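Here is the structure we will look at.
Nothing in this text is a laboratory measurement; each read-out follows from the coordinates by a stated rule. Since we're looking at a predicted model, the values are computed, not measured. Glycine also receives a Cβ, built like all others from the backbone with ideal geometry; neighbour counts cover every protein chain displayed.
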Amino acid sequence: MYKRLSAVLLLLLVLLLTGCNSDERILEKLGMVQTASYDLAENDRLKTVYSVPVIDPESSERRQLLKAVTDSLKEARVLLSKQIDLRLVSGQLRTVLFGLNLAKEGLGDHIDTLLRDPSIALGVQVAIVDGEAGELLSKSFKSNKDTGTFVNHLLEKESSSNIIPPTTLYAFTRDYHDDGIDPIVPIVKDQGDRAGISGIAFFQDGRFVMKIPSKDGIIFALLRGDIKQGELSINLGERNGRKVRVMFSSMLNKRKVSVQHLGDNRFKFIIADSIQGSVLEYTGHEDLSQSKKRHELERDVAEYIRGKAQEMVKKLQQNNVDSIGIGQYVRNSLTYKAWKSLDWSKVYPGVEVECRIKVTIKDYGKYM
Amino acid sequence: MMEKLSPFHVAVLVYMSQIGIVVFALPRQLADYFGTNGWLVLLPGLLVTSFNIYLITLVHRLGDGKSVFEIMERSIPKAVLYPVYLGLCSVWLIFGCMIGKKYVLLFQMIAFPTTNPMLFKMAVDVLLFLLIIKGIFTISKAATFFFWMTFWMYFLLFWFLPSFSWVRLTPFILQGGHDQVKGALELYTAYLGYELSILLFPYMDKSKKSLAAIYAGNAFLSLLYICLSLVCFGFFSFGQLKKLLFPLLDLLGYIQFPFIERLENMLYGFFLFLILMTVAMYWWGALEAMRRVIPKLKIPVLAFLLTVISYCISFIPKTLDQVNNWILYLGYAATGIAFGLPVLLIALLLLQGRRVSRV
């Protein structure tokens, strides 16, 4: 009898599946938003563009663009779903682009809204567009018709090679909610015939404050932490009437930091980088096979990096953005009470920062 | 010879009845109530639960492995005991039921936002019913099977190590928390489930190993909680962790493999096995208690009645917040039982022992 009862109950289980009718997802009927862009419109409104890939193989279009101007981020979704015959879902969202003007107003609330949605994961890439994000996303570049996918791949590739630090919703919110570090986001720019990464944007309290060009990205990466891969082209000026350029590649960096208390809420922060790498280009006169000459070059490269790093730290302090995370280390060197009574944003610009760079040339290629 | 649960199966059963729905919110609760390095609170948690298990083993030793119901019935008249049994039954039944409902509501939130959650609940309850009518040995076998089926998931924690940073943990010990007493009581529900081992006495070996297995199951759970919370405190920043309602769901959502991403719906599905066992054990406990009140009713009929009653009750709380409140208050009651029942039994056993020695 119980076997029969079990059979009936199992049948009931199968029947229950029909209850999921309203949440049925048929791939062909889904509009999976892959890239979303948000810009500031007039009267503090929000201009949204969604890029939805077209799955139909017979269609000549590779993506569908949906645009709306609304008061809030999620209102846009309601409005945009009326423009498309597919059911809009955000579970496959890969990249979110914000326009520069919106970033200046502050992204905190918008990112909060994005994360409240259970279908949006922390792994979504975030980028700022130098200009209008919607315009960049809507543009079809010759080399890449689907700009959203292209930008996503570009960000993934660049962040894996440390030219820009990895910036996902996770990393942004992590640093945004941390009291000892400020978040950063890569900047994407329309470069005429293609979209490219033009630099790194620095945020304080969720608001865009300053940026650096992408060529300085590696210097910033050296300040921010260990790196496992990176390249740096160094201009050592003219020597004996010859321009000396060094290309330092396959860089490995081990960063060590220490905090010294100078009393009266003043601190000294020491960043000691130990960089290893290969020389792939060298246009100077010296013979690199001689260890003495190589060490000279190591010192020159270290001095070059140190100068650039000090310059960058100064710029960050002038703009009062602590994206290196100096605050985290100062916090950890204090008692809880002392840290809480410290107004870090007032103390930070006055912190004495010293960069110590040690460079080791692992090899110099296969040519004398 | 009657089948007995081996020590390993006891350990797995204890662990599987402990790990449940609380694990999704645990790291956030630790950060919110206890502040920086809140994961350290799990260490005293392990001590307190171990002390409670010590009380349970004491009952086993003093009572010579007899069923707890027998011990009680020997000294207390049935008229007094029936309300106690009814109390045990209702707390365990509804506590289990609410854990199931919370899992279903979370599942609904992340995967099926508009489907009626009570349909899922019914599916889960049917499975549970089929499981509990088979008795504790089948439940134990299912628990062991589910244990191995979900074992690989612990290794997913390694995924987060590259983004883990000790700096984020801060050197501050338990600073910036609030309402620690309330938090501690709330957190204690994360450990609950081991107290049901007191009902396993007639079904397990009388060896010391079986008792050690109860400690082992609890220690394994604590170790897992510590690892998970430590990873959360170093992976998320402290402020961020306090904002995440269910940090474990966010962790699962962050995992991406080159060939697939957004795995959390599938991974969340695996947690059903853990929840099923927790609820099954509570319901089995409720069933055991109820059998003493109505011994003549056949087990499947009784189990069916209990399932239907609990299903009807699970209609009452509609939102996640309401379910949380139910779990909170029932958790208090279950914690009371976890400590109160062994203490009562020890008192009874000492009393009975004295009487016997006088005779």
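Across region B:134-139, rounded Karplus estimates of 3J(HN,Hα) from the backbone phi angles (6.51 cos²θ - 1.76 cosθ + 1.60, θ = phi - 60°) give 7, x, 5, 5, 5, 4 Hz, Gly and Pro being marked x. A cut-off of 5 Å between modelled amide H atoms, ignoring neighbours fewer than 5 places along the same chain, links A:Leu88 with A:Gly31. Remark: for residue pairs B:Lys141/B:Lys296; A:Lys314/B:Lys243; A:Lys189/A:Lys308; A:Lys268/A:Lys308; A:Lys157/A:Lys189, the C-alpha separation exceeds 22 Å in B:Lys141/B:Lys296; A:Lys314/B:Lys243; A:Lys189/A:Lys308. For region A:159-166, 3J(HN,Hα) computed residue by residue from phi via the Karplus equation (6.51, -1.76, 1.60; θ = phi - 60°) reads 6, 6, 9, 6, 5, 10, x, x Hz, glycine and proline entered as x.
Along region B:75-87 the Karplus relation, 6.51 cos²θ - 1.76 cosθ + 1.60 evaluated at θ = phi - 60°, assigns HN-Hα couplings of 10, 10, x, 4, 4, 7, 6, 4, x, 4, 4, 4, x Hz to successive residues, with x for each Gly and Pro. Across peptide B:163-173, the average count of Cβ atoms from other chains found within 10 Å of a residue's Cβ is 5. Note on chain B: the alpha carbon radius of gyration divided by the globular reference 2.2 N^0.38 Å gives 1.01.
Taking the Cα atoms of region B:261-359, the ratio Rg/Rh between the radius of gyration and the Kirkwood radius comes to 1.12. Amide H contacts for A:Arg62 (H built 1.01 Å from N in the peptide plane; partners 5 or more residues away or on another chain; cut-off under 5 Å): none found.
For chain A, dividing the convex hull volume of the Cα atoms by the residue count gives 245 Å³ per residue. Of the Cα atoms belonging to region B:45-160, the radius of gyration and Dmax stand at 19.3, 57 Å. Comparing Cα centroids, region B:156-204 and region A:197-218 end up 39 angstrom apart. The distance from the alpha carbon centre of region B:268-303 to that of region A:347-368 is 65 Å, rounded to a whole number.
Of all lysines in the structure, the ones whose alpha carbon falls short of 24 Å from that of A:Lys29, not counting any fewer than 8 places away in one chain, are A:Lys67, A:Lys74, A:Lys82, A:Lys145. At an R0 of 25 angstrom, the distance between the Cβ atoms of A:Lys358 and A:Ser250 translates into a FRET efficiency of 0.90. When only the Cβ of Lys, Arg, Asp and Glu is charged (+1, +1, -1, -1), the dipole of chain A relative to its Cα centre reaches about 960 debye. Close amide H pairs (under 5 Å, H built 1.01 Å from N) link A:Thr360 with A:Ile275, A:Gln276, A:Gly277, residues at least 5 positions away or on another chain.
Using the average count of surrounding beta-carbon atoms within 10 Å as a protection proxy, the listed peptides B:215-222, B:56-63, B:99-106 rank, highest first, as B:99-106, B:215-222, B:56-63.
Ordering of A:40-50, B:247-257, B:185-195 by packing is B:185-195, B:247-257, A:40-50, highest average first (other Cβ atoms within 10 Å, averaged per residue). The mean count of C-beta atoms from other chains within 10 Å of the C-beta of residues in A:175-184, rounded to a whole number, is 4. Here's the picture: a label point sits 7 Å out from the Cα of A:Arg207 along the beta-carbon direction, and within region A:66-104 the residues with their amide nitrogen under 12 Å of it are A:103-104. Summed over all non-identical Cα pairs, the Kirkwood treatment of the protein assembly as shown gives a radius of 29.3 Å.
Applying 1/(1 + (r/R0)^6) with R0 = 30 Å to the Cβ-Cβ distance of B:Ile316 and A:Leu10 gives a FRET efficiency near 0.60. Per residue of A:75-82, other chain Cβ atoms within 10 Å of the residue Cβ number 0 on average. Potential lengthening of the chain between A:Asp56 and A:Lys215 amounts to 53.2 nm, from the contour at 0.36 nm per residue minus the alpha-carbon distance.
Helical runs (DSSP H, four residues minimum) scored at -39500 (n - 2.57) apiece and divided by the length of chain B put the mean residue ellipticity at 222 nm at -23500 deg cm²/dmol. For region A:28-213, the pair-distance distribution built from all alpha carbon pairs, in bins 10 Å wide starting at 0, is 10, 40, 38, 12, 1, 0 percent. Listed by chain and number, the lysines whose alpha-carbon sits under 16 Å from that of B:Lys66, ignoring those within fewer than 8 places in the same chain, are B:Lys4, B:Lys206, B:Lys208. Listed by chain and number, the lysines placed with their C-alpha closer than 16 angstrom to that of B:Lys298 are A:Lys3, B:Lys134; residues fewer than eight positions away on the same chain are left out. Between B:Ala212 and B:Tyr329, what is the label-point separation in nm under the 7 Å Cα-to-beta-carbon projection? Taking the simple label geometry, B:Tyr329 and B:Ala212 are separated by 4.4 nm.
Checking the cross-link pairs A:Lys340/B:Lys182; A:Lys211/A:Lys346; A:Lys228/A:Lys315 against a 23 Å limit on the alpha carbon distance flags A:Lys340/B:Lys182; A:Lys228/A:Lys315 as lying beyond it.
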